[in-house]
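Worksheet: one structure, shown below.
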Amino acid sequence: MGLLAEIQNDALSDDVPVSTLLRKVMVLASNLDSDLLEDWVRHELHGYPNEVEVPAYRKFSINFKVNGANARWQMTRQAVPPYLVCQIVKDDDFQIFDCRQAIGTINTEEIKASNGNMSINLDNYILLMQGKLYEPSVSLTRFWGEVSASQVLGIIDAVRSRVLDFVLKLKKTYPGAGEVDGLTMKMPDVEKKVTQIYNTTIHGDNAGAVGNNTGATITITVNKGNKNELRQELQKHSVEEADILELEAVLDEEPTLDDPKKFGPKVKTWIGNMMSKAASGAWSIGLGAGGALIQSALLGYYGYN
């Protein structure tokens, strides 16, 4: 059995640890001489450094909670609006949790036993929040964030799906090359094709950057500034009304692209939330297809299609 066939079979089997799968993909990346693929595998195996942007499937929305009391009343697990927290810490991205840990350290049994949510300790922000979330008489005793456990588990499925998609597209693009030993970056257009396959499968949903979406199989028609067309396209692909309304509000705040290569921070946050839903199964569309849909629709709205 050749390397591509091994990787394909391992990606389909839940019995093969995802770390084992990725080590084989590392060999594939070396054989293809693909720095992009190798860097992605290395980050998944060893964790994402702070200076490296994590993929959209590793970005989760945080639900903030506090405990506190004053002389008259006590509150437990009180929800706090993310917008208010972001205003206080002066960071619009504070409500997004970037999961940087190595994929092999994600304990599925521990996550499944977490009652649906995982906590992020934010007690070091209590003094900053004191007197700003509530009246000064309320003493905050605990401040934390929660992310959906299903989203964290979704990282493993997302990686398996991307690896499988990459291998299948590689085999389809070069059906006569046999196994990966038959490919070399010295062959005409191989480097360009491998890079394109990587961009549309591994990072196909990380739509922070504006670029070609040649590998996408979804056809989207949205004209510049036309919210009605954008809404119709999203509705056709099962995007919920609440998510569409949120996007429309965000687009009012970020009506243009200041940088022609990147969406604004609030649009990127919305995209990250949608990709998290796709990874967890809460949005009934695949990760790669969902990323292609959103990127194409938004590029059309901004006038780049």
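The values are calculated or read from the model by the stated rules, or taken from the named source; none is laboratory data. In this text, all values refer to a predicted model and were calculated from it rather than measured experimentally. Using ideal geometry, Cβ is built from the backbone for each residue, glycine included, and neighbour counts are taken over all protein chains shown. Areas reflect the complete protein model, heavy atoms only, side chains present, ligands, DNA and RNA absent. Shrake-Rupley method; radii C 1.70, N 1.55, O 1.52, S 1.80 Å.
Give all pairs with beta carbons closer than 6 Å in which a residue from segment 183-195 that is within 18 Å of Trp40 (Cβ to Cβ) and open to solvent by less than 60 Å² (accessible area, probe 1.4 Å) meets a residue that is modelled with pLDDT of 55 or more and part of a loop (DSSP other than H, G, I, E, B); count only pairs at least 6 apart in sequence or on separate chains.
Within 6 Å, the pairs are Met185/Asp33; Val194/Ser34.
Suppose the filter is part of a helix (DSSP H, G or I) and either open to solvent by less than 20 Å² (accessible area, probe 1.4 Å) or in contact with an Asp or Glu (Cβ under 7 Å, 6 or more places away or on another chain) (or both); does Val25 pass it?
Yes: the conditions hold for Val25.
Checking Gly131 against (1) in a loop (DSSP other than H, G, I, E, B); (2) open to solvent by 80 Å² or more (accessible area, probe 1.4 Å), only one condition comes out false. Which one?
Every listed condition holds for Gly131 apart from (2).
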